[in-house]
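Peer 1: Encoded as structure tokens, here's the structure I'll be asking about.
The values are calculated or read from the model by the stated rules, or taken from the named source; none is laboratory data. Remember, it's a predicted structure, so these values are computed and weren't measured experimentally. Ideal geometry is used to build each Cβ from the backbone, glycine not excepted, and the neighbour counts take in all protein chains shown.
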Number of protein chains: 2
Amino acid sequence: MPYEPFFNAHHSPVGAFASFTLGYKGASGGLGIELGKPADENMYIGLETEEGGTYQAFPFFGDTEEDLARFAVGNDQTEGDQSLITHFSDEEIQRDFNAGTDTWRAGDLEFTIYSPVREIPDPEGGNVQNLKDTIVPAVFVEVTIDNRNHAKKRKAFFGYQGEDPYSGMRRITSSGIQGIGQGRRTAIVTNDAAAKAGLGFTIDKVLNVEHEFNLGFGLGLCGAIVIEAEANEKKTFQLAVCFYRDGYVTSGIDTTYYYTQYFSSIEEVAAYALDRFQPLIDHCRSGNQLVDGQKLTDEQRFMMAHSIKSYYGNTQFLENNGKPLWVVNEGEYRMMNTFDLTVDQLFYELKMSPWTVKNVLEQFTDRYSYKDTVFFPETKEQHPGGISFTHDMGVANVFSDPGRSAYEFAGIDDCFSFMTHEELVNWLCCASVYVSQTGDEAFAVKHKEVLVEAFNSMLHRDHPEPEQRNGLMGLDSSYTKGGAEITTYDSLDVSLGQARNNIYLAVKCWGVYAALEKLFQKLELSDLSREAGRQLRSCAETITSEMTEEGYIPAVITEGNTSRIIPAIEGLIFPYFTDCKEYLKEEGEFGTFIQALKKHIENVLKPGVCLFEDGGWKISSTSDNSWLSKIYLCQFIYREILEFPWGEQEKAADQAHVKWLTHPKLSYWSWSDQIIAGEISASRYYPRGVTSILWLLEK
Amino acid sequence: MPYEPFFNAHHSPVGAFASFTLGYKGASGGLGIELGKPADENMYIGLETEEGGTYQAFPFFGDTEEDLARFAVGNDQTEGDQSLITHFSDEEIQRDFNAGTDTWRAGDLEFTIYSPVREIPDPEGGNVQNLKDTIVPAVFVEVTIDNRNHAKKRKAFFGYQGEDPYSGMRRITSSGIQGIGQGRRTAIVTNDAAAKAGLGFTIDKVLNVEHEFNLGFGLGLCGAIVIEAEANEKKTFQLAVCFYRDGYVTSGIDTTYYYTQYFSSIEEVAAYALDRFQPLIDHCRSGNQLVDGQKLTDEQRFMMAHSIKSYYGNTQFLENNGKPLWVVNEGEYRMMNTFDLTVDQLFYELKMSPWTVKNVLEQFTDRYSYKDTVFFPETKEQHPGGISFTHDMGVANVFSDPGRSAYEFAGIDDCFSFMTHEELVNWLCCASVYVSQTGDEAFAVKHKEVLVEAFNSMLHRDHPEPEQRNGLMGLDSSYTKGGAEITTYDSLDVSLGQARNNIYLAVKCWGVYAALEKLFQKLELSDLSREAGRQLRSCAETITSEMTEEGYIPAVITEGNTSRIIPAIEGLIFPYFTDCKEYLKEEGEFGTFIQALKKHIENVLKPGVCLFEDGGWKISSTSDNSWLSKIYLCQFIYREILEFPWGEQEKAADQAHVKWLTHPKLSYWSWSDQIIAGEISASRYYPRGVTSILWLLEK
């Protein structure tokens, strides 16, 4: 492994908004549901020493002293025996990190966490067994004690100290299942008859129990499953790490987890997960193949696996009135279905669950659209605007009111302002890519009216006078109340933050117009198709004409800006996925445009411009805040669409990117997006990195 | 008020295991559900200054800087304007603290929190309207702006920053109701049409909003309701503070909150609370009469009100399979229906909700009893034992397995050991008092077998040979696995901690035998009645004969102990409530015994023995750990049963006790039980102090 092993990673079921996060030292992982960060629980995973009676454990716990202070009785029960368990040394510990498996080894102990990487069948019309297998809210663990060279029995243990504020730890003993859990929400279980589950104030109390009765000590803050290998035996134990939340989980819209249709309690989840253990872990293991056996570098494999795991931890598959409702939460921010993330996760979801793309698009058309007027910054006079879509659908289990996001704030021109044009374009990007990639033309027909409205809305945001349109966004939404719209790059400087006349957004518009030209043709709306074509060409011309003498296109055109940005090329992804690849060719109709962008990217990908000192990509020359999800996307475009070779400089970039993610302190945050000069800084614990899936399509 | 106002107090609905805790400075109160401590939320309550544009607020919030750090964008939205709101000075702030109302005043602002102190109708056969009024999970607030001397409009605000880890803050706007809340769990609402509810990253953003649209800012961490009084107007606004939790809330037994039968969401709670506002707050106000208008000192009134509020915050009225299930949680420990608390809360519950006593007793007989054998400490040889009851029924929403508590641990002889004899006696105390006070003889007939079993179990724990019985506990339970039983005074030294031969438990046994002698007679079990009578007399003789030359009875008899304890007199409470008052008379059959206890208590209530330097009661001469709930109980016995006058020394004691509870640092913990040398130390946030209700019965 080309990096230190002690970084956190999600290990998550599909759609349970849950994660068994592990890897960072201390009480930094654990079993979290609906959190924007790791659960910060002590995880106890260890093995008896050869001498016996003492234990060595992975360093995934701190101490429980503070928790025990309230039982201020100076009693043996409340004093942990710290000498009983020591940590394995860093040198002894090995980690084999993959998309579907994460294996840790130290001494004679090995454990593997299995998490699903699998297609999600469309719940409306899918196979129920397959759906249950896919969404059972559990991940899986195998613990192996290699006691072959040892003539005495040895114990191992796997447990945790739950941090849910509302419910206590408990021991689970029901119909062949043993385990420990917290309330009705989380549990670790096994059906191995030889295992013993128990609770104690401290973990040593579970290991060193004189009277078996005391394993049921209800006040115990720590729980563990204790297993044992016979002398000279190598034995593997199977455990499931289960999650559950019943009842309504969101406000604004009353939803339940889709899995509650099939599982009425965590005990039922446990029983199913253990019953189907072997096929389920086989499937997880096969998930590794998505990443392995491809022509990827080690760095790419690592980042793809890491980002996939993080994505699943943010997925939330809900049900409302019998209908499926798909949500991807936005990492530490927990905004729901943030549209400018959806458009990046699109490529992964089209591969694994195209129905979720449709589901989210229709949530936007049904509830999360609005209509505005627009204005030029100089005059503030209102002109006709049109439809757009909200930035998100709410935050942290709170669906926002129809037609509004949790995020957007009126009267400002920076972070938290409206993303009206950005999200309008995103709906069109997602819809056109979805139709093109799935062939679901019925969707286009069903939403023809929205497609037309959205196109007209784009035109209105270009210029009120058709003859003055240049293909770019020129007017801001009235919802900004005299402020200015921003883009998804909300925390960057104006180079990527300002929407109007932004080259990033402009190339995306170009991509949309290309798709619409074709789609309207299919829908037999030839006037609109022609108009889209005009916009397409006008847009390319405008952008091309802004090429400076230094050989770059400024981030914001016509406004004196001189920033240079990598995402100038981002919009090229959409023609690639909407059957418009001919437009991406240097020798094609848009050759001059493509050549300009090639020249631009060649010139900006230089040290001191859009490369950090460590070789990592810097998305804007004027900001130290770089976003990995977008880097992954632009890397694909750079290599696959613009056909640049992948040389030493590019490999060094990926080494830098891996280093960012495995930062000795900040890798607590699992996969994270916003990296300021090499330090994970925001958009942490994030789902968006699955743009890396595009790498699999490279020739 | 004879004390500083800045102490936390619960303000709680009945049976919702919820509290709007307020009073301690900083983010130390707030809206908590199912917690063992205050929610630690910022509470925002303030008024616009006369100058206008700036505000003064009560000091119940800290800052939100840490929460905002993740939005690391250096944006106006994430930077609070700290200068906008200043705290009222301590000198300006007045508090009027009562059982049903808690009023705060500063400048021209006044607010009152109303919380119920009312009888709970038996859900099986009660009036539904009355039941809904009683258990609606809300408390009530009136905010008054006295703007009569001011010629400009003035705003006030009432809001909070929720700390639930799983869900976001939200604005509630539905059918005439406006409010702010967190997820589906907590909310503050009003139906005043002139009020405005909003969210912001910081509270100043809600007050100083340029565009009304932004009041719906979903990412806002703080929410408030903003109200306004016209020039020269005094205006009162009404708000409800609501709690809700749906679905199953406990494991082990699947239960829901009883109120979910009547209210399907927090919005329905809000609508009901506001609709019934006036009668509900009138009822809360009438709750003050329970404490007022009695011949109580200020100190007594304070402690009674405080303890009642704390009790309700721990109550949890559940439903299981259509049947009511009553739980009182144990403060910071959250153990459920801890039996040695039930026996103290008995007197309050018999007054307010006798059906809950029956309900809990039957939970013990149905699920939480067990049968053991017993042994003498010297030989460990097992002898027949019998039935007893568990210490508790679980912890923090986790019901323990049938026949076992969360607390009890085998193989030890101190804290966490078994309380077999203590809880056996407690079942008999509760059952006999319940039957005697309610006249529910059907209960006694229904549970005749348990009564007989329990009596026999007591006999077996005295001595295997009937002729050697002395009325005291002489053998320990086999469940201790060779350890020793303890009493409810688990964290004290042996003087109160050891059960066997303990004088505290012995006098309680005497009380039980007195009750059983009578009850068996009624049940026409005259042999048993006679046997109970023999035990009764034998017990009194044993105790009386242990009087030392110094005029006290040692805490543990026959074992060389010389501790002196106040709870030697505790057991006298039971004859008082089981129609055996004649046994408590100095001139009666047990005159010698009563005189011995009078002499004992007179001699121990001396400075340096069982009085602290500050005059407070010290329940054991050999421990600094004193328990207020038990002090309250013994004060009643001292005055009402033993007929000692209440002089200056006793008044000084209560002044000391108030000082303990209003400790400048430790009063964060609301009403608390275990006080070590004047410092709240354990059993914090506790329900047990309602033993104070006994004071109302004093002549």
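Peer 1: Which condition from (1) in contact with an Asp or Glu (Cβ under 8 Å, 6 or more places away or on another chain); (2) within 16 Å of A:SER692 (Cβ to Cβ); (3) surrounded by 20 or more Cβ atoms within 10 Å (Cβ to Cβ) is the one that A:LYS618 breaks?
Peer 2: Checking A:LYS618 against (1) in contact with an Asp or Glu (Cβ under 8 Å, 6 or more places away or on another chain); (2) within 16 Å of A:SER692 (Cβ to Cβ); (3) surrounded by 20 or more Cβ atoms within 10 Å (Cβ to Cβ), the one that fails is (2).
Peer 1: Hey, another quick one. Residues being in a loop (DSSP other than H, G, I, E, B), closer than 19 Å to B:ALA270 by Cβ and not polar (S, T, N, Q): count how many of those fall in the range B:1-16.
Peer 2: Qualifying residue count for the region: 4.
Peer 1: Among the numbered criteria (1) part of a helix (DSSP H, G or I); (2) more than 30 Å from B:PHE7 (Cα to Cα); (3) not assigned by TED's automatic domain parsing to the domain that holds B:GLU119, which single criterion is violated by B:GLU319?
Peer 2: (1)
Peer 1: Considering the range B:259-286 alone, what residues qualify as being among the small types (Gly, Ala, Ser), part of a helix (DSSP H, G or I) and under 30 Å from B:ASN320 (Cα atoms)?
Peer 2: Those that are among the small types (Gly, Ala, Ser), part of a helix (DSSP H, G or I) and under 30 Å from B:ASN320 (Cα atoms): B:ALA270, B:ALA271, B:ALA273.
Conditions tested, residue by residue: (1) surrounded by fewer than 24 Cβ atoms within 10 Å (Cβ to Cβ); (2) under 21 Å from A:GLN161 (Cα atoms); (3) not assigned by TED's automatic domain parsing to the domain that holds A:ASP146.
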position	(1), (2), (3)
A:GLY176	yes, no, no
A:ALA187	no, yes, no
A:ALA195	yes, yes, no
A:PHE201	no, yes, no
A:LEU215	yes, yes, no
A:GLY223	no, yes, no
A:GLU230	yes, no, no
A:TYR259	no, no, no
A:ILE266	no, yes, no
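Peer 1: Also, quick follow-up: I need every pair where a residue in the range B:475-490 that is at negative phi and of a type in the set (Val, Ile, Thr) has its Cβ under 8 Å from the Cβ of a residue that is surrounded by fewer than 24 Cβ atoms within 10 Å (Cβ to Cβ) and part of a loop (DSSP other than H, G, I, E, B), sequence separation at least 6 or different chains.
Peer 2: From residues that are at negative phi and of a type in the set (Val, Ile, Thr), the pairs are B:THR480/B:ALA410; B:THR480/B:GLY411; B:THR480/B:ILE412; B:THR480/B:ASP413; B:ILE486/B:ASP413; B:ILE486/B:ASP414; B:ILE486/B:CYS415.
Peer 1: Output the number of residues of the range B:664-699 satisfying the condition of being touching a residue at least 24 places away in the same chain (Cβ under 8 Å) and touching a strand residue (DSSP E or B) at 6+ places or on another chain (Cβ under 6 Å).
Peer 2: Summing the residues that are touching a residue at least 24 places away in the same chain (Cβ under 8 Å) and touching a strand residue (DSSP E or B) at 6+ places or on another chain (Cβ under 6 Å) in the range B:664-699 gives 11.
Peer 1: Kindly indicate whether A:THR315 is of a type in the set (S, T, N, Q) and within 24 Å of A:ARG500 (Cα to Cα).
Peer 2: Spelling it out, it is not the case that A:THR315 is of a type in the set (S, T, N, Q) and within 24 Å of A:ARG500 (Cα to Cα).
Peer 1: For residues that are acidic (Asp, Glu) and in contact with a Ser or Thr (Cβ under 8 Å, 6 or more places away or on another chain), tally how many sit in the range B:547-600.
Peer 2: Matching residues across the range B:547-600 total 1.
Peer 1: Now for a separate question. If A:TRP646 satisfies every condition in (1) part of a loop (DSSP other than H, G, I, E, B); (2) aromatic (Phe, Trp, Tyr); (3) within 24 Å of A:THR562 (Cα to Cα) but one, which is the exception?
Peer 2: Answer for A:TRP646: the failing condition is (3).
Peer 1: I'd like the residue in the range B:359-405 that is in a loop (DSSP other than H, G, I, E, B) and farther than 27 Å from A:LEU199 by Cα and, out of all such residues, is nearest to the other protein chains (Cβ to nearest Cβ).
Peer 2: Filtering the range B:359-405 for residues that are in a loop (DSSP other than H, G, I, E, B) and farther than 27 Å from A:LEU199 by Cα, the one nearest to the other protein chains (Cβ to nearest Cβ) comes out as B:LYS380.
Peer 1: Just give me the residues in the range A:285-338 being small (Gly, Ala, Ser), more than 14 Å from every other protein chain (Cβ to nearest Cβ) and closer than 25 Å to A:TYR257 by Cβ, in sequence order.
Peer 2: Within the range A:285-338, A:GLY287, A:SER307, A:SER310, A:GLY313, A:GLY322 meet the criteria.
Peer 1: Next question. Quick check on A:LEU459: is it within 14 Å of chain B (Cβ to nearest Cβ), touching a helix residue (DSSP H, G or I) at 6+ places or on another chain (Cβ under 9 Å), assigned to a helix (DSSP H, G or I) and among the aliphatic types (A, V, I, L, M)?
Peer 2: no
Peer 1: Kindly list the number of the only condition in (1) without any contact (Cβ under 8 Å) to a residue 40 or more places away in the chain; (2) assigned to a strand (DSSP E or B) that fails for A:PRO324.
Peer 2: Only one criterion in (1) without any contact (Cβ under 8 Å) to a residue 40 or more places away in the chain; (2) assigned to a strand (DSSP E or B) is unmet by A:PRO324, namely (1).
Peer 1: I would also like to ask the following. Evaluate the following for B:PRO402: is it over 26 Å from B:LEU496 (Cα atoms), free of Cβ contacts under 8 Å to residues at least 60 places away in the same chain and not polar (S, T, N, Q)?
Peer 2: yes
Peer 1: Restricting to the range B:680-699, name every residue that is of a type outside the set (A, V, I, L, M, F, W, C) and more than 11 Å from every other protein chain (Cβ to nearest Cβ).
Peer 2: Of everything in the range B:680-699, those that are of a type outside the set (A, V, I, L, M, F, W, C) and more than 11 Å from every other protein chain (Cβ to nearest Cβ) turn out to be B:TYR686, B:PRO687, B:ARG688, B:GLY689, B:THR691, B:SER692, B:GLU698, B:LYS699.
Peer 1: Residues of the range B:543-568 being of a type in the set (Gly, Ala, Ser) and surrounded by fewer than 19 Cβ atoms within 10 Å (Cβ to Cβ), which ones?
Peer 2: B:SER545, B:GLY551, B:GLY560
Peer 1: Considering only the range A:474-571, give the helices (runs of 4 or more DSSP H) lying wholly within it that have at least 1 residues that are in contact with a Phe, Trp or Tyr (Cβ under 6 Å, 6 or more places away or on another chain), modelled with pLDDT under 95 and not β-branched (Val, Ile, Thr).
Peer 2: Here the list reads A:494-497.
Peer 1: Would you mind telling me which numbered condition in (1) farther than 28 Å from B:GLU332 by Cα; (2) of a type in the set (A, V, I, L, M); (3) not in a loop (DSSP other than H, G, I, E, B) A:ALA231 fails?
Peer 2: The single condition A:ALA231 does not satisfy is (3).
Peer 1: From the list A:ASP298, A:ASP344, exactly one residue is closer than 13 Å to A:VAL690 by Cα and of a type in the set (Asp, Glu). Which is it?
Peer 2: Going through A:ASP298, A:ASP344 in turn, just one is closer than 13 Å to A:VAL690 by Cα and of a type in the set (Asp, Glu): A:ASP344.
Peer 1: Which one of these does B:ALA18 not meet: (1) more than 14 Å from chain A (Cβ to nearest Cβ); (2) at pLDDT 95 or above?
Peer 2: That leaves (1) as the condition not met.
Peer 1: Within the range B:352-383, how many residues turn out to be of a type outside the set (Val, Ile, Thr) and under 33 Å from the mean Cα position of the chain (by Cα)?
Peer 2: Qualifying residue count, the range B:352-383: 17.
Peer 1: Would you please name the residue that is nearest to the chain's Cα centre (by Cα), looking only at residues in the range A:80-125 that are among the small types (Gly, Ala, Ser) and farther than 19 Å from A:TYR348 by Cβ?
Peer 2: A:GLY125
Peer 1: From the list A:GLY74, A:GLY32, which residue is at pLDDT below 95 and either in the same structural domain as A:ALA224 (by TED's automatic domain parsing) or in a loop (DSSP other than H, G, I, E, B) (or both)?
Peer 2: A:GLY74
Peer 1: Look through the range B:406-420, keep the residues that are buried (at least 24 other Cβ atoms within 10 Å of the Cβ) and at the interface with chain A (Cβ under 7 Å from one of its Cβ atoms), and return whichever of them is nearest to B:THR373 (Cα to Cα).
Peer 2: B:PHE409
Peer 1: Which one of these is under 24 Å from A:TYR489 (Cα atoms), crowded, with 24+ Cβ neighbours inside 10 Å and among the charged types (D, E, K, R): A:ASP372, A:ASP344?
Peer 2: A:ASP344 is the lone residue from the list that is under 24 Å from A:TYR489 (Cα atoms), crowded, with 24+ Cβ neighbours inside 10 Å and among the charged types (D, E, K, R).
Peer 1: Under the condition of being touching a strand residue (DSSP E or B) at 6+ places or on another chain (Cβ under 6 Å) and under 13 Å from B:ASP133 (Cβ atoms), which residue from the range B:243-273 is farthest from the other protein chains (Cβ to nearest Cβ)?
Peer 2: B:ALA273
Peer 1: Then there is this: Out of all the residues in the range A:91-107, is one or more closer than 25 Å to A:ASN232 by Cα, touching a helix residue (DSSP H, G or I) at 6+ places or on another chain (Cβ under 9 Å) and modelled with pLDDT under 95?
Peer 2: no
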